[in-house]
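S.K.: Questions regarding the structure given below will be posed in turn.
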Amino acid sequence: MMLEEEAFAPSEVLLRNISLLSQEQSVLQERRICELAAVADAASEYLASMDAGGMPLVDALSLLFFESADAPRPPADAIKECVPSLFLHLGMLSVLDKISLTLLLGECLKKRDLRLTEADFLAPSAAPETFTYVKNLYADEAYDVFAQDFSDPRIFYSETLKDAVAAVAEGRAGYCLLPLEEKGGARLATVSEMLYRSDLRIASVTPVYGYGEENDLTYALISRGFRIPPVEKDDDRYLELRIPKNACPLSELMVALEGFGIEVYRIHSLTVSVEGERKAFYSLVFRAEGKDFVPLLTHLSIFFKDFTPIGIYASLET
């Protein structure tokens, strides 16, 4: 009882004032969204003209430039003590503007009978149904799972993982199987680096169990293109991206994910050496249930630009 009496709580007057300010901000934000809607409509008209002229809609996204979405600065006469917080608030407002613009643009495009799909951003694989992998118990089990999605799968074995990757990169095989994660979900750095160096994609993943009942490894089906899984209600779908660490603040991306109803599944760091120079990346895996990743891919194409899609998949079960 004594602790409750001594606990601090703001005065009702201060709380009421903050509540009134929130209402005023809501009205201002509503006006702001209306202006953003006008911007999105004009942008959709521009994109429609590019599409009519023969430019793919997804390519035209890179020509959009929303100067108003850049974070504004506090006025020169702002209270000195408020300036650090003002920068934070205004920066967040800029992030929210970008999310609103992406969502509003999507709606405007639909009204013009223009629709972006995941395949516009992620080139589907046209690889032959030839597979290669280093033969072992786990790889055999993974192959049995992956092969179910193909009508005429053919297989040959590789001596090493590097050989399997080279076979796909050089076109001698349509797909290879690689161990992707160890027990517990730890991503295999050597495999991630091989995918980077050969510019390959993750077409599908599956857990494998060997002789036990618990998942020991996760295997990936690797190709030069994507195999986009259908959007099914209640199904988890995953999108994997690689983004240079200096390309964007992760905090902005995390807010965008919340706006699109997408969650972070896993974040890894990847560092590779290219011609003696060390390059650092984020390897990001996002999860969505029963929806596609078009809003996120649209957002990234407009506002981030420097990102590489690595895979899109639904986890298959053995």
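S.K.: Counting only protein chains, not ligands or nucleic acids, how are GLU252, GLU12 ordered by accessible area (probe 1.4 Å), most first?
M.R.: Correct descending sequence by accessible area is GLU12, GLU252.
S.K.: Now for a separate question. So what are the ³J(HN,Hα) numbers for segment 29-44, from phi and the Karplus equation (6.51, -1.76, 1.60; θ = phi - 60°), rounded to whole Hz, Gly and Pro as x?
M.R.: Each residue of segment 29-44 in turn: 5, 4, 4, 5, 5, 4, 5, 5, 5, 5, 4, 5, 5, 5, 5, 5 Hz.
S.K.: I'd like the accessible area for SER251: 1.4 Å probe, protein heavy atoms, all chains in place, Å² to the nearest 10.
M.R.: Answer for SER251: close to 80 Å² accessible.
S.K.: To continue, here is another question. Please report how far the C-alpha centroid of segment 1-59 lies from that of segment 111-163, rounded to the nearest whole angstrom.
M.R.: 42
S.K.: For the chain, with a Gaussian network of springs between Cα atoms less than 10 Å apart, report the residue from LEU28, LEU104, LEU64 with the top mean-square fluctuation.
M.R.: Result for the chain, Cα springs under 10 Å: LEU28 fluctuates most.
S.K.: Using heavy-atom solvent-accessible surface (probe 1.4 Å) with all chains present, what is the largest-first order of PHE226, PHE8? Show your work: numbers first, answer last.
M.R.: On the way: PHE226 15, PHE8 180 Å².
Result, largest first: PHE8, PHE226.
S.K.: Per residue, how large is the accessible surface of segment 230-283? Use a 1.4 angstrom probe and give square angstrom. It would help to have the intermediate numbers written out before the result.
M.R.: Working: 2960 Å² over 54 residues.
Roughly 55 Å² per residue, with all protein chains present.
S.K.: Quick one: with all protein chains in place, what share of the accessible area of the chain is carbon or sulfur, to the nearest percent (1.4 Å probe)? Spell out each step's value before the answer.
M.R.: Details: 9440 of 17800 Å².
On the chain, the fraction of accessible area on carbon and sulfur atoms equals 53 percent.
S.K.: Hey, what did the chain get for relative contact order, percent, Cα under 8 Å, at least 6 apart? Mind dumping the intermediate values first?
M.R.: Values: 494 pairs, mean separation 55.5, N = 318.
Relative contact order of the chain: 17 percent.
S.K.: Each residue of segment 47-55 in order: what ³J(HN,Hα) in whole Hz does its phi give by Karplus 6.51 cos²θ - 1.76 cosθ + 1.60, θ = phi - 60°, with x for Gly and Pro?
M.R.: 5, 4, 5, 5, 5, 5, x, x, 7
S.K.: While we're on this one: Using a 1.4 Å probe and ignoring any ligands, DNA or RNA, find the accessible area of ASP163 and quote it in Å² to the nearest 10.
M.R.: The accessible area of ASP163 comes to roughly 70 Å².
S.K.: Once you've got the GNM for the chain with C-alpha springs shorter than 10 Å, pick whichever of ALA203, ALA48, ALA76 has the biggest mean-square fluctuation.
M.R.: Evaluated over the chain, the most mobile residue of the options is ALA76.
S.K.: Name the residues whose placed amide hydrogens come within less than 5 Å of the amide hydrogen of ILE155, ignoring near sequence neighbours (fewer than 5 apart) on the same chain.
M.R.: PHE131
S.K.: Let me ask another. Enter the accessible area of LEU21 (Å², nearest 10), with the probe set to 1.4 Å and all protein chains included.
M.R.: About 100 Å², ignoring ligands and nucleic acids.
S.K.: In sequence order, what are the phi-derived ³J(HN,Hα) couplings for segment 293-308 according to the Karplus relation 6.51 cos²θ - 1.76 cosθ + 1.60 with θ = phi - 60°, rounded to whole Hz, with x for glycine and proline?
M.R.: 9, 4, x, 5, 5, 5, 4, 5, 5, 7, 9, 10, 6, 8, 8, 10
S.K.: Related question: Top mean-square fluctuation among ILE79, ILE262, ILE155, Gaussian network model of the chain, C-alpha springs under 10 Å?
M.R.: The residue with the greatest mean-square fluctuation here is ILE79.
S.K.: Return the distance in nm (one decimal) between the two label points of a simple spin-label model at GLU277 and ASP77, each offset 7 Å from Cα along Cα→Cβ.
M.R.: So the label points at GLU277 and ASP77 sit 4.8 nm apart.
S.K.: Which one, [x] 21.2, 68; [y] 19.7, 82; [z] 24.1, 77, gives Rg and Dmax of the Cα atoms in Å as derived from the coordinates shown?
M.R.: Here the calculated entry is [z].
The values are calculated or read from the model by the stated rules, or taken from the named source; none is laboratory data. Worth saying up front: this structure is predicted, and the values here are computed from it rather than measured. Note that each Cβ is placed from the backbone with ideal geometry, even for glycine, and that neighbours are counted across all protein chains shown. With ligands, DNA and RNA removed, areas are computed over all heavy atoms of the protein, side chains included. Shrake-Rupley method; radii C 1.70, N 1.55, O 1.52, S 1.80 Å.
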